[in-house]
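Asker: Starting off with a structure, shown below.
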Amino acid sequence: MKSNRGFTLIELMIVVAVIGILASIAIPQYQDYIARTEATNSLGAVRNAQLAVNEYVSRFAKLPSTPSSLNAYTGIALTAVSHAAGNVAQVTIMNNGVIEVQFKSNDVPELMAGKTYLIQPALNAVGVSYFRAAVGGSNPMDAKYLPKN
């Protein structure tokens with residue numbers, strides 16, 4: 001009696017097809033995961049600007065109407081690469097304390113290259129209660145990549 005050992009060609013083709021299907025699902029999900037992680041990591045570069053807006057609100061009980069009024073009080077540069085960190089190219093404080101975050105054009109996932117999003121302050125009776133990420137800016141990124149609050 002002859003014993004057959006090994007896999008048939010059909011069995012190997014089925015395994016390759018299953019691996020291909022799994023890869024076609026997993027790779028885009030992984031890219032989305034990396035993009036969301038980069039967006040969340042960008043919050044570290046925004047902390048100084050958030051603190052400046054929060055300090056202004058604590059002192060005057062209102063949001064800074066213009067970036068120059070915030071700069072006059074806190075002395076923080078409004079549009080500066082010095083606020084950049086990691087993959088963030090620029091952090092800009094705009095009217096009403098809104099902060100725009102812009103990613104670098106290189107060394108970032110393709111989904112994030114040059115994209116922007118906004119961080120909007122929300123007031124309560126004692127000052128800024130939280131900052132909320134929103135779609136916007138000069139080159140807005142997709143909402144699914146925004147950092148969660």
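The values are calculated or read from the model by the stated rules, or taken from the named source; none is laboratory data. Fair warning: this is a prediction, and the values are worked out from it, not measured in the lab. Note that each Cβ is placed from the backbone with ideal geometry, even for glycine, and that neighbours are counted across all protein chains shown. For the accessible areas, the whole protein counts, side chains as well, though only heavy atoms, and no ligand, DNA or RNA atoms are used. Shrake-Rupley method; radii C 1.70, N 1.55, O 1.52, S 1.80 Å.
Asker: Just wondering, is there one or more residues in the stretch 91-107 that are open to solvent by 60 Å² or more (accessible area, probe 1.4 Å), closer than 24 Å to residue 34 by Cβ, outside any strand (DSSP E or B) and modelled with pLDDT under 85?
Answerer: Among the residues of the stretch 91-107, at least one is open to solvent by 60 Å² or more (accessible area, probe 1.4 Å), closer than 24 Å to residue 34 by Cβ, outside any strand (DSSP E or B) and modelled with pLDDT under 85, which makes the answer yes.
Asker: Tell me, yes or no, whether the stretch 37-50 has at least one residue that is modelled with pLDDT under 85 and among the charged types (D, E, K, R).
Answerer: Checking the stretch 37-50: not a single residue is modelled with pLDDT under 85 and among the charged types (D, E, K, R).
Asker: While we're looking at this one, here's another question. With the requirement that a residue be under 30 Å from residue 108 (Cα atoms) and open to solvent by 20 Å² or more (accessible area, probe 1.4 Å), what does the stretch 51-70 give you?
Answerer: 51, 54, 67
Asker: On to the next question. Confirm whether residue 122 is in a loop (DSSP other than H, G, I, E, B), within 19 Å of residue 143 (Cβ to Cβ) and either modelled with pLDDT of 85 or more or in contact with a Ser or Thr (Cβ under 7 Å, 6 or more places away or on another chain) (or both).
Answerer: So residue 122 does not fit the description; no.
Asker: Follow-up question, since we're still on this one. Scan the stretch 119-133 residue by residue and report those that are open to solvent by less than 100 Å² (accessible area, probe 1.4 Å), at negative phi and more than 14 Å from the chain's Cα centre (by Cα).
Answerer: Correct list: 121, 122, 123, 124, 128, 129.
Asker: Continuing with the same structure: When you scan the stretch 33-44, how many residues do you find that are of a type outside the set (D, E, K, R) and crowded, with 19+ Cβ neighbours inside 10 Å?
Answerer: Looking only at that region, the number is 3.
Asker: Further, regarding this structure: Tell me whether the stretch 3-22 contains one or more residues that are outside any helix (DSSP H, G or I) and aliphatic (A, V, I, L, M).
Answerer: Looking through the stretch 3-22, none of the residues is outside any helix (DSSP H, G or I) and aliphatic (A, V, I, L, M).
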